[in-house]
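Only one structure is covered here, and it is reproduced in the block below.
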Amino acid sequence: MAMPVAAVELHVSPTGNDSNPGTQSQPLHSFAAGQKAMRSLKDKLAEAVTVYLHAGTYYLPETLLFTAEDSGTALAPVTYAAAPGEDVVISGGMKLDLTWEPHRDGVMKAKAPAG
């Protein structure tokens, strides 16, 4: 059986913007925006949809949840994939931008936000 070709592509990048259309030259920024854009397209199309995540780390402020809305069909699958040749990390952690300062005896310290 022949595999369907990705007829529709959405692009997401940590350097993108969630108000972008999700093209390769104007990618979305967040995983959630890519998921939302895919959901708005998939019911209008009878073609495969691929959401490409471009290189970088995607921090998830909420639990990533896939539901029936995220499913495709045998002839029109929905696929999430790293862009070819790019390294992608999906992290449930929080990015901390800390200011480190000397404490004592070669030990450094930084104040972390609550939570």
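The values are calculated or read from the model by the stated rules, or taken from the named source; none is laboratory data. Computed from a prediction, not measured in an experiment: that's the story for all the values here. In this analysis, Cβ positions are derived from the backbone assuming ideal geometry, glycine residues included, and neighbour counts consider all displayed protein chains. Please note that ligands, DNA and RNA were not included when accessible areas were found on the heavy atoms of the full protein model with its side chains. Shrake-Rupley method; radii C 1.70, N 1.55, O 1.52, S 1.80 Å.
So if I check each of GLY72, GLY16, GLY22, which one is of a type outside the set (Lys, Arg), at positive phi and part of a loop (DSSP other than H, G, I, E, B)? Spell out the reasoning first.
Numbers: GLY72 fails: at positive phi; GLY16 fails: at positive phi.
Going through GLY72, GLY16, GLY22 in turn, just one is of a type outside the set (Lys, Arg), at positive phi and part of a loop (DSSP other than H, G, I, E, B): GLY22.
Residue-wise test of (1) among the β-branched types (Val, Ile, Thr); (2) outside any loop (DSSP other than H, G, I, E, B).
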position	(1), (2)
LYS36	no, yes
ARG39	no, yes
LYS44	no, no
THR50	yes, yes
PRO84	no, no
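Rundown of residues vs (1) touching a residue at least 24 places away in the same chain (Cβ under 8 Å); (2) farther than 28 Å from MET94 by Cα; (3) of a type outside the set (Val, Ile, Thr), yes/no style:
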{"residue": "VAL12", "(1), (2), (3)": "yes, no, no"}
{"residue": "THR15", "(1), (2), (3)": "yes, no, no"}
{"residue": "PHE31", "(1), (2), (3)": "yes, no, yes"}
{"residue": "TYR52", "(1), (2), (3)": "yes, no, yes"}
{"residue": "ALA76", "(1), (2), (3)": "yes, yes, yes"}
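Look through THR15, THR57 and report the one residue that is in contact with a Pro (Cβ under 7 Å, 6 or more places away or on another chain), open to solvent by 50 Å² or more (accessible area, probe 1.4 Å) and under 23 Å from ASP87 (Cα atoms). Break it down stepwise before answering.
On the way: THR15 fails: in contact with a Pro (Cβ under 7 Å, 6 or more places away or on another chain).
On inspection, the qualifying residue turns out to be THR57.
Taking only pairs six or more apart or across chains, which ones have beta-carbon atoms under 8 Å, a first residue in segment 84-105 that is within 16 Å of HIS29 (Cβ to Cβ) and among the small types (Gly, Ala, Ser), and a second residue that is open to solvent by less than 80 Å² (accessible area, probe 1.4 Å) and part of a loop (DSSP other than H, G, I, E, B)?
SER91/LEU60
Residue by residue through segment 79-110, note down the ones that are more than 27 Å from the chain's Cα centre (by Cα) and surrounded by 11 or more Cβ atoms within 10 Å (Cβ to Cβ).
Within segment 79-110, the subset more than 27 Å from the chain's Cα centre (by Cα) is 99-110.
Answer for segment 79-110, where residues must be more than 27 Å from the chain's Cα centre (by Cα) and surrounded by 11 or more Cβ atoms within 10 Å (Cβ to Cβ): LYS109, ALA110.
For segment 40-54, give me each residue that is open to solvent by 60 Å² or more (accessible area, probe 1.4 Å) and in contact with a strand residue (DSSP E or B) (Cβ under 9 Å, 6 or more places away or on another chain).
Once the filter is applied, which keeps residues that are open to solvent by 60 Å² or more (accessible area, probe 1.4 Å) and in contact with a strand residue (DSSP E or B) (Cβ under 9 Å, 6 or more places away or on another chain), segment 40-54 yields only GLU47.
Using the structure shown, decide if LEU65 is open to solvent by 40 Å² or more (accessible area, probe 1.4 Å), hydrophobic (A, V, I, L, M, F, W, C) and over 14 Å from the mean Cα position of the chain (by Cα). Walk me through it before giving the result.
On the way: open to solvent by 40 Å² or more (accessible area, probe 1.4 Å): yes; hydrophobic (A, V, I, L, M, F, W, C): yes; over 14 Å from the mean Cα position of the chain (by Cα): no.
No.
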